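Throughout, read-outs are computed from the coordinates displayed, never taken from laboratory work. Since we're looking at a predicted model, the values are computed, not measured. No Cβ is skipped: glycine too gets one built from the backbone with ideal geometry, and neighbour counts run over all protein chains shown.
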Number of protein chains: 4
Amino acid sequence: MTNKLDVSIVGGSGYVGGELLRLLLFHPHIHVKQITSVSQVGKFAHNAHPNLRSATDIQFTHPDTLESCDLLFLAQPHGYSAKNIEHFAGLAERIIDTSADFRLNDTDTYARWYGEPHPAPDWLNKFVYGLPERYRAELAQANYVSGVGCNATVTNLALAPLAQAGLLAGGRVIADIKVGSSEGGARPNEGSHHPERSGAVRSFKPTGHRHQAEIQQTLGADFDLFMSVTSIELIRGALVTAHCLLNESLTEKDLWKLYRKAYKTEPFVRIVKQKTGIFRYPEPKLLAGTNYCDVGFEVEEDGRRVVIIGAIDNLMKGAAGSAVQAMNVMLGWDETAGLEFPGLHPV
Amino acid sequence: MTNKLDVSIVGGSGYVGGELLRLLLFHPHIHVKQITSVSQVGKFAHNAHPNLRSATDIQFTHPDTLESCDLLFLAQPHGYSAKNIEHFAGLAERIIDTSADFRLNDTDTYARWYGEPHPAPDWLNKFVYGLPERYRAELAQANYVSGVGCNATVTNLALAPLAQAGLLAGGRVIADIKVGSSEGGARPNEGSHHPERSGAVRSFKPTGHRHQAEIQQTLGADFDLFMSVTSIELIRGALVTAHCLLNESLTEKDLWKLYRKAYKTEPFVRIVKQKTGIFRYPEPKLLAGTNYCDVGFEVEEDGRRVVIIGAIDNLMKGAAGSAVQAMNVMLGWDETAGLEFPGLHPV
Amino acid sequence: MTNKLDVSIVGGSGYVGGELLRLLLFHPHIHVKQITSVSQVGKFAHNAHPNLRSATDIQFTHPDTLESCDLLFLAQPHGYSAKNIEHFAGLAERIIDTSADFRLNDTDTYARWYGEPHPAPDWLNKFVYGLPERYRAELAQANYVSGVGCNATVTNLALAPLAQAGLLAGGRVIADIKVGSSEGGARPNEGSHHPERSGAVRSFKPTGHRHQAEIQQTLGADFDLFMSVTSIELIRGALVTAHCLLNESLTEKDLWKLYRKAYKTEPFVRIVKQKTGIFRYPEPKLLAGTNYCDVGFEVEEDGRRVVIIGAIDNLMKGAAGSAVQAMNVMLGWDETAGLEFPGLHPV
Amino acid sequence: MTNKLDVSIVGGSGYVGGELLRLLLFHPHIHVKQITSVSQVGKFAHNAHPNLRSATDIQFTHPDTLESCDLLFLAQPHGYSAKNIEHFAGLAERIIDTSADFRLNDTDTYARWYGEPHPAPDWLNKFVYGLPERYRAELAQANYVSGVGCNATVTNLALAPLAQAGLLAGGRVIADIKVGSSEGGARPNEGSHHPERSGAVRSFKPTGHRHQAEIQQTLGADFDLFMSVTSIELIRGALVTAHCLLNESLTEKDLWKLYRKAYKTEPFVRIVKQKTGIFRYPEPKLLAGTNYCDVGFEVEEDGRRVVIIGAIDNLMKGAAGSAVQAMNVMLGWDETAGLEFPGLHPV
């Protein structure tokens, strides 16, 4: 274990906590020191994460017994990190928080979308938004990294090349997002009951989704963004169909240039656009367990609409995967360390 | 509404209550008078049963306000009917109870499988087991009818012709049953949470399932019955693969004779056995919403094992459908009244 | 069979043909005379439509042996009806064609979207588009009725009240449609292979879907319509999320008024919009086997976007159900005859 | 690439070929030299296996251009390997054939189950059956290794401890197996068409499954084995419920001892048996992409029946995974090399 970084996970019994644990257990430079959970104290991690049955004998400890370590992952529900950030900062030099608490860098925006003042406004500027494709340089210098919203991430990566080229300015984008049930977390509710949820096409949030704020912070606010989220039959995965009504007419060739330039060196963003076959566009089911964001596009014949399609595994690139990628950047490691799994087919 | 029977449903917010309501609303001889629910008092029935949005404006009433009526369906969780049977019998001349309370006619057997003495032992003999294919004559004379267990019903109908012919005697039957999530009822729990339940192949009850008692009461106890229930990705439906190790060697031709004789006049039991095509054997997905039990079979080349396959919709033939069919028999109506829906394809 | 109308189905082995057969077998005023299929000649109908095993003993006949009848349903793949319309018109006074051949009333539009000149241009004006909610009066006078596109229908009914009120004029609508696998028909292909199709979120037609033409013919061409179709894990069902960017700001109250007025007397369109519960918006899974189109809506806080949500069973309201409803109108029967099935829950 | 073994895959466009390619690309000691496919010549591997989009640029070559290499994987449909074994043996010193051609070591048994004489009977004894848990020592000495049947493997590993202890002798075992759609391979057919296959509970092979021969070869023929295979809604995965009627009464404690002893040092077999939680028994969905076989058990109260439950990913432990594991054994490498993926949750 020498030379490995001691890392602990706070709030390790949820789905994001489970994915963090899986990734960190197989990460070449990490030793997992503690994993906390109020409800599972003393139980083996594989009690909550049965896929890890033979991968670890680590047991959940109470958050009150959390010891100091090199890096702390916080994977608690929203609100918890912000209220306890001083405490956690006293325990670890580096913190990566997968909740929404430190994603927005503006207190007013936070208050508007989360309905209350931010509990730790001074900390907002210390955190870097954990999307390496946009903030790689900042992450390399950071000690505090926020998580990313899953729906925000797939939309951000789908649209970033357009935004960077200034093409969204003055335009209108409708991000119609299809998501799986794991986005709702590990706790059962009426809506997650299998006979009701299975086969559903549920208009979960037709308007007013909070992740809009993260997208406009990342891509700029010079365009109108509308977001609708529909829950479909799927466990892992999010697909955005981003309908862009732009001021400038674009051709397919323009988009190829733009996206190739933006993503040719990105390890986890792939352009998926084939003329034939059954996987012509990004398909989230192929991405389960991977850190990829696949991006594709199509242009309306007369150029009046550009459709950008993006897909991710919401628990990976949309949460735990991006967090580990950000850690790799922060610590100067190979950015793909621990994130090599290519995904399965068929699946 | 003249000439229609006034019927009420106690415990109408669950899945069986919902199916009863659907069937009764479209039944030619029935007027639904009241539907009770403690948790939904004052709410429209379609709040719990959204498929009935335009079918009825009936609202849930509290069970304490239940009025007298011609026939009462009890669709409460197990234990409730038995404790309150005197009360309900004072309100209606006829009662059909879909719970397990009055299925077994022997107090010792009840105590053995349900772990406590029966709360109303004197009533056990007043109830007729609500399986028309076996107790049609008795049902025609009955005022009190018990429901049927879903897994028991599909197994009973799969095996009845063998039992009637005395062929099970001294044999061994393993009933390997595959079931959908609606068997667990309408209340969410850890195991019914979509990300966990979806795609599961869960060994729910490998041994010791209570429905064994109902089967041996119906088919006789002169053979060894073993039952295993596995929950699979399916909402409605139960399929039994009944592996029969018998003392006598049977041919396919024997089985055709036996099953044709047993079921040729049954309105809701069909023999499904085709040499070609993709629906060669009973398939529960085709039965969603119908009252059919499909039965098929296959014989091991050397005759040492007979495999009987049966399929039902657990909420219909396995619960509400059989209850309505039993009502039809009890009241001398066309046995198929209100039960004509043929099912969908594809589905 | 006296007093019943003799009806035959041409192209009866597909999914729409199967649904037509199911509906007509249980229709109070219909006698099914013949059902044709080139590939299934001599086979029982339930060979292709196993749900109808005990509902009929009718056998497929070759189209060449088609006899005259009162009304003919054509359920062939696109292109066939138009090429043979003279022949069919000689056999039956009334024709309902569920293919796309006679939906568009303009030969240029047809040529543009279907890539070739219309084979029977003189017939286009004899056909009435089979959407009773828009063309009820015309259908009552018609002898020839075209089918409707499934994706067109759900979008048409979602948007019609806005169109009728002139509110779409000058606006932009993005119809993001989620569809099940039965839209692809009964013939297997690489993309419908279960390991590939199951769990897919496949961008089937991000731009350029032919049904756009039907929508603009129905709703008017004074607005920009963009359509994207995504195939999801679902067998039956289509849900449209229609994102409307209008010139006028609308409130939720405005929409309630508009939609109530438009649909309060419609037997098969329901407004579904609840503040609580898990079925707040239209949900296609509840509609399997029914002829309903459920419509709901939501308005962006600042009124800049109106989201209209519509859901149907694509094989029913999107094909066979609308066809039977149109027949009922054409013949002056109760419009709901044979279409009373309320749907199942859970399902 | 120095020091890596040159490996080629013949028949690389199917599902097993795809999994082999995935495993070998990430294997520390392997260099993939060629992958052949008649139908995909010249196309990138990721055309057939889209999960490998960024993992490799290898293209399919025609089998006629196959060059010599260190080790050859044959992943063709049954019949092909046996007919061409001399040719392949001339190209590579070591061969692992995942088809059924060389699994049975007896020509009579082969002829009985496969309906024709074996095309290369002299080769049968040169091949070792590729199940490391049973033939580890033999594999370490082998140059030719056969694949394993997926349903055979899960049953073999579920029952092996009982067989080794002589407890199956004179008994009867009914292996009721639930399987996913990937078992049917990559080629579409009527039965794999999504609207028909999705949600199916299809009695695929109630009697007479060929894998019985492999099981009795592995476990001995001193007991009666009956096998039934039911296709359920699942892509990857196989679960066996092995109902054992034995001559000796066994307790749970006996089974714990037996199974712990048999599997405590096995890297890929885990005993899964928990008193609480929702994953008490083996669950194939947790195993997607892994090489694990999970085994659990339950005993009928009176000891008359022992139920052994086993689960695998049919494409991994049931095919490609076991093949790579056998290769590791054959070459003296760490047996788990390239097979470390722990699986996902939720999934």
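I'd like to verify something in chain B: which complete DSSP H helices, judged by Cα projection on the helix axis, reach 20 Å or more and average at least 0.0 on the Kyte-Doolittle scale?
Helices meeting the span and hydropathy rule in chain B are B:150-164.
Using the Cα centre of the protein assembly as shown as the reference point, and only Cβ charges (+1 on K/R, -1 on D/E), how large is the resulting charge dipole? Debye, rounded to the nearest 20.
The dipole magnitude comes to about 0 debye.
List the relative contact order of the range C:242-339 as a percent without decimals, with contacts defined as Cα pairs under 8 Å and 6+ residues apart. Provide the component values of the computation, followed by the final result.
On the way: 145 pairs, mean separation 26.0, N = 98.
Relative contact order, the range C:242-339: 27 percent.
For the range D:150-314, just the Cα atoms, rotate onto the principal axes and tell me the three extents in Å, largest first.
Projected onto its principal axes, the Cα set of the range D:150-314 covers 46, 34, 29 Å.
Before rounding to the nearest 500, sum -39500 (n - 2.57) across all DSSP H runs of length at least 4 in chain C and divide by the residue total; then give [θ] at 222 nm in deg cm²/dmol.
-8000 deg cm²/dmol
Across peptide D:217-230, how many C-beta atoms of other chains are within 10 Å of each residue C-beta, on average?
For this peptide, the per-residue mean of nearby foreign Cβ atoms is 2.
Taking the Cα centre of the range A:150-314 as the origin, how large is its charge dipole in debye, to the nearest 20, when only Lys and Arg (+1) and Asp and Glu (-1) carry charge on their Cβ atoms?
On the way: 20 positive and 19 negative charges, 72 e Å.
The dipole of the range A:150-314 has a size of about 340 debye.
Taking only C-alpha pairs under 8 Å that are 6+ residues apart, what is the relative contact order of the range D:150-314 in percent? Spell out each step's value before the answer.
Values: 349 pairs, mean separation 50.1, N = 165.
30 percent.
Out of all DSSP beta bridges in the range A:1-125, what portion is antiparallel? Express it as a percent rounded to 5.
Once the DSSP bridges in the range A:1-125 are tallied, antiparallel ones form about 5 percent.
Roughly how crowded by other chains is peptide D:181-191, in terms of the mean Cβ count from those chains within 10 Å of each of its Cβ atoms?
5
Sorted from fewest to most neighbouring beta carbons within 10 Å, what does the list A:I85, A:I271, D:I96 look like?
A:I271, A:I85, D:I96
Every other copy gets compared here: list the nm distances from the C:G303 label point (7 Å along Cα to Cβ) to its counterparts, shortest first, one decimal.
Distances to the matching label points in the other copies: 3.5, 8.1, 8.5 nm.
How big is the antiparallel share of DSSP beta bridges in the protein assembly as shown, given as a percent to the nearest 5?
Within the protein assembly as shown, antiparallel bridges account for around 45 percent of the total.
Based on the Cα atoms of the range A:271-347, what semi-axes does the equivalent ellipsoid have, where each is the square root of 5 times one gyration tensor eigenvalue, given in whole Å with the largest first?
Ellipsoid half-lengths, sorted descending, are 28, 15, 10 Å.
More than 16 angstrom separation, counting every C-alpha pair in the range D:90-142; what % is that?
Everything past 16 Å amounts to 46 percent.
Got a sec? How would B:H29, D:H194, C:H243 order by Cβ neighbour count within 10 Å, fewest to most?
B:H29, C:H243, D:H194
Can you pull the one-decimal nm distance between simple spin-label points at C:S39 and A:T265, each 7 Å off the Cα toward Cβ?
Placing both labels 7 Å along Cα→Cβ, they lie 5.3 nm apart.
Just check the range B:112-245 against the gyration tensor rule for me: Cα atoms, a ≥ b ≥ c as the square roots of the eigenvalues, rounded for a/c under 1.5, and otherwise prolate or oblate depending on whether a/b exceeds b/c.
It comes out oblate by the Cα gyration axes.
Residue by residue through the range B:285-296, what is 3J(HN,Hα) from phi via Karplus (6.51 cos²θ - 1.76 cosθ + 1.60, θ = phi - 60°)? Round to whole Hz and write x for glycine and proline.
Coupling constants for the range B:285-296: 5, 6, 9, 3, x, 9, 9, 7, 10, 9, 10, x Hz.
Between the range B:82-111 and the range B:237-316, what is the separation of their alpha carbon centroids in Å?
Value for the Cα centre distance between the two parts: 32 Å.
Just to confirm the numbers: C:A221, label point 7 angstrom along the Cα-Cβ line, distances to the other copies in nm, shortest first?
Values, ascending and in nm: 4.1, 7.7, 8.0.
Using a label point 7 angstrom from Cα along Cα-to-C-beta, what distances in nm, from shortest up, separate C:N105 from the other copies?
5.8, 6.9, 8.0
Let me confirm one metric for peptide C:288-297, namely the mean number of other chain beta-carbon atoms within 10 Å of its residues' beta-carbons. It would help to have the intermediate numbers written out before the result.
Working: counts 7, 8, 2, 0, 3, 0, 3, 0, 2, 3.
The per-residue average across the peptide is 3.
Highest mean first, what order results for B:32-43, D:54-65 on Cβ atoms within 10 Å?
Highest-to-lowest ranking by the protection proxy: B:32-43, D:54-65.
Ratio of Rg to Rh for the protein assembly as shown, alpha carbon only, Kirkwood?
Value, to two decimals: 0.95.
From the P(r) of chain B, could you give the percentage of C-alpha pairs in the tail past 34 Å?
The proportion of pairs with Cα distances above 34 Å equals 22 percent.
Take every DSSP beta bridge with both residues inside chain B and express the antiparallel ones as a percent of the total, to the nearest 5.
45
When you take every Cα atom in the range B:217-283, what is the radius of gyration, and what is Dmax, the widest Cα pair distance, in Å?
Rg and Dmax of the range B:217-283, Cα atoms, are 14.6, 37 Å.
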